[in-house]
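Q: Below is one structure. I have some questions about it.
The values are calculated or read from the model by the stated rules, or taken from the named source; none is laboratory data. Small disclaimer: the values here were computed from a predicted structure and weren't measured. Positions of Cβ are generated from backbone atoms using ideal geometry, with glycine treated the same way; all protein chains shown enter the neighbour counts. Quick note on the areas: whole protein, heavy atoms, side chains included, nothing else; ligands and nucleic acids left out. Shrake-Rupley method; radii C 1.70, N 1.55, O 1.52, S 1.80 Å.
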Amino acid sequence: MIKKLRLKVIFIVFFILMIAVWIWGSFLFQNLLVWIFGKAWVEDGKSSIPLIAVNFVFLAVSILIFTVLFFWQLDKTEKIKEQAEKERLMLFANMAHDLKTPISSILGYSKTLALGIVTDETKKIEYLNTISSKAERMNDLIDRLFEYVKLESPENILHKTNVDVAELLRKSVGNVYTDFEEAGISLEAEIPENQIFKEVDPLEIDRVFTNLLNNARKHNPKGTAVSVFMSEKGKVTVADNGNSLPSEVVAHLFKPFISGDESRMSKNGSGLGLALAYKIMKKHGGKLSLVSPCICNQTEFTKAFVAEF
């Protein structure tokens, strides 16, 4: 229903434009004849081409041009729809793939415990901890996937308000600081002391900051230095001197289920964090990009993710 309505609207718009161009073109051509040959010459019928013929020529050309444009737009719309459908199927295929491993582990360990094969209490606790860990990872994946799909929905509305994004970033950094210490990764932040107000959805922008920080923590080795910068205009840069990203990964980095690890779920992430951050920034009219390598504040880093409002 929506598709048919959209096509009707496109057709009506093109038809109106066609009529407008026809009228404008005919009027312009007639005035051009008057300007070149004089009003009396045209009115006396001395022109070799009747004005009615000129009108029909413009009408035919207008119909031809706008028919071509209409079908070109129609073909473009179909291709966009096919690409969206392909991405949707790939999204569910990747989700099924990433859920399969933890589900298999949970089934294996739980069946072993249920059959009483393991009698050692220490081993039982180890198996239960593994089951719990895998379940938490699955839950995290499903939550992130829900957030991503929700952002795709046209019904999803941002709740924007005038927010001090500098203070928001300080809180985000503070919330993950302990996680960085435990991972053996240093975290430094250079955030202006003055307030920087932006019309944003604070919950969603906090999710962007947190996802970028967690991405730097999860996908870099111990000993990596991560630095966070915010400019006076609110541009946020999360840079690190850790692992560089393969070119084949960079090309699709902001698509769901893409990460720098060879195995997404078996290692450190779901591959949805950057995709979520990218969607949120885009929905705010901003952008998220990767700069690799990057020189930030006169320091060279392996890579940096830059969020601009």
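Q: Within region 245-260, work out how many residues are under 21 Å from residue 186 (Cβ atoms) and modelled with pLDDT under 80.
A: Of region 245-260, the ones under 21 Å from residue 186 (Cβ atoms) are 245, 260.
Now narrow it down to the ones that are modelled with pLDDT under 80: 260.
Summing the residues that are under 21 Å from residue 186 (Cβ atoms) and modelled with pLDDT under 80 in region 245-260 gives 1.
Q: Quick one: how many residues across region 168-194 are open to solvent by 70 Å² or more (accessible area, probe 1.4 Å) and part of a helix (DSSP H, G or I)?
A: The number of residues fulfilling the criteria is 7.
Q: State which residue is nearest to residue 272 (Cα to Cα) when the search covers only region 152-167 and only residues that are modelled with pLDDT of 75 or more and assigned to a helix (DSSP H, G or I).
A: 165
Q: Name the residue, out of 204, 152, that is buried (at least 20 other Cβ atoms within 10 Å of the Cβ), under 23 Å from the mean Cα position of the chain (by Cα) and either basic (Lys, Arg) or under 30 Å from residue 85 (Cα atoms) (or both). Quick ask: steps written out before the conclusion?
A: Details: 152 fails: buried (at least 20 other Cβ atoms within 10 Å of the Cβ).
After ruling out the rest, the residue left standing is 204.
Q: To continue, here is another question. Just to be sure I understand the filter: pairs with C-beta atoms under 6 Å, separated by 6 or more residues or on different chains, first member in region 124-137 and under 18 Å from residue 99 (Cα atoms), second member in a helix (DSSP H, G or I) and of a type in the set (Val, Ile, Thr). Which pairs pass?
A: Final answer for the pair search is 131/106; 134/106.
Q: For region 224-239, what are the residues that are in contact (Cβ under 8 Å) with a residue 40 or more places away in the chain, more than 14 Å from residue 195 (Cβ to Cβ) and more than 23 Å from the chain's Cα centre (by Cα)?
A: 225, 226, 227 - these are the residues of region 224-239 that are in contact (Cβ under 8 Å) with a residue 40 or more places away in the chain, more than 14 Å from residue 195 (Cβ to Cβ) and more than 23 Å from the chain's Cα centre (by Cα).
Residues are listed down the side, and each one gets a yes or a no for (1) surrounded by 14 or more Cβ atoms within 10 Å (Cβ to Cβ); (2) farther than 13 Å from residue 167 by Cα; (3) of a type in the set (Val, Ile, Thr); (4) at pLDDT below 95:
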position	(1), (2), (3), (4)
209	yes, no, no, no
218	yes, yes, no, yes
227	yes, yes, no, no
237	yes, yes, yes, no
243	yes, yes, no, yes
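Residues checked against (1) touching a Phe, Trp or Tyr at 6+ places or on another chain (Cβ under 6 Å); (2) over 24 Å from residue 286 (Cα atoms); (3) polar (S, T, N, Q):
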| residue | (1), (2), (3) |
| --- | --- |
| 172 | yes, no, yes |
| 186 | no, yes, yes |
| 218 | no, yes, no |
| 231 | no, no, yes |
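Q: Being open to solvent by less than 90 Å² (accessible area, probe 1.4 Å), more than 33 Å from the chain's Cα centre (by Cα) and among the basic types (Lys, Arg) is the filter here; which residues of region 105-145 pass it?
A: 123, 124 - these are the residues of region 105-145 that are open to solvent by less than 90 Å² (accessible area, probe 1.4 Å), more than 33 Å from the chain's Cα centre (by Cα) and among the basic types (Lys, Arg).
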